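K.L.:
Before I ask anything, let me first share the structure, which is written out below as structure tokens.
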Ligand code: HEC
């Protein structure tokens, strides 16, 4: 079966308990709306929207890792374009956070409690060393999604399938640099350089 999505299994198991987000914006400071944290943008605007894109892709993937036009109705193409654009906007939001604050007041990020997990404090320090690098990668995700929206509008299954299968790598590149850089070497060993050969 051809598979295109989600992170390689060796990576941290994402805590999927998106604990019912406890009102991120406080209404009592009208003069200065609190900007979202990176963690909030990541969970609510990047991860969820990527899931919506993957869901459509997974349902229509063919043997060549393209989207099978027979499985794509006009409505689905439109939906794909809409989710791609919405993920693009999430990525732009990420790229324009200024300053970039990972979490508020001691909140924890996924996997920071496990032995190999990087903490929010570590992640913040890495971003503070090179915030522009993170913004560049976020803009990279945004352009990728703009291309996907275009391919979806053109009903181009080959291109859309290829772009969807590459999303994972785009997420992972930034995660390896900014979320769990300590695992870079380990993860590189698990990375399959030629995914096409791994049919089973
Ligand atoms: C430009 C950098 C960047 C890109 C691109 C990126 N991420 Fe992230 N992501 C981060 C950082 C930094 C963290 C660690 C901080 C955190 O967990 O909030 C993170 C954490 C996460 C988390 C854990 C959130 C939590 O609860 O702690 C998930 C899930 C996630 N990313 C999903 C994705 C997906 C899916 C994509 C691609 C569609 C993606 N990310 C693309 C930087 C990025």
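Values quoted throughout were computed directly from the atomic coordinates according to the rules given, and no laboratory measurement underlies them. On a predicted model such as this, the values are computed, not experimentally measured, just so you know. Glycine also receives a Cβ, built like all others from the backbone with ideal geometry; neighbour counts cover every protein chain displayed.
K.L.:
Report the calculated FRET efficiency for residue 78 and residue 128 (r = Cβ-Cβ distance, R0 = 41 Å), to the nearest 0.05.
P.N.:
That pair, residue 78 with residue 128, gives E of 0.50.
K.L.:
On a C-alpha basis, how far is the centre of the stretch 113-132 from the centre of the stretch 157-183 in Å? Whole number, if you could?
P.N.:
19 Å
K.L.:
If you count, for each residue, the other Cβ atoms within 10 Å and average over each peptide, how do 127-135, 39-47 line up from highest to lowest?
P.N.:
Listed from highest to lowest mean packing, they are 39-47, 127-135.
K.L.:
Multiplying the sequence separation of residue 150 and residue 166 by 0.36 nm and subtracting their Cα-Cα distance, what value in nm do you get?
P.N.:
Details: separation 16, 0.36 × 16 = 5.76 nm, distance 1.55 nm.
Extra length available between residue 150 and residue 166 comes to 4.2 nm.
K.L.:
How fast does the stretch 126-192 diffuse by Stokes-Einstein, in µm²/s, taking the Kirkwood radius from C-alpha pairs at 37 °C and 0.692 mPa s?
P.N.:
249 µm²/s
K.L.:
Could you give the nm distance between label points at residue 71 and residue 48, where each point is 7 Å from its Cα heading toward the beta carbon?
P.N.:
The modelled label-to-label distance comes out at 2.6 nm.
K.L.:
7 Å from Cα along Cα→Cβ at both residue 188 and residue 107: what's the point-to-point distance in nm?
P.N.:
About 3.3 nm, to one decimal.
K.L.:
Once the Cα gyration tensor of the stretch 38-191 is found, what semi-axes does its equivalent ellipsoid get, as square roots of 5 times the eigenvalues, in whole Å, sorted largest first?
P.N.:
30, 17, 13
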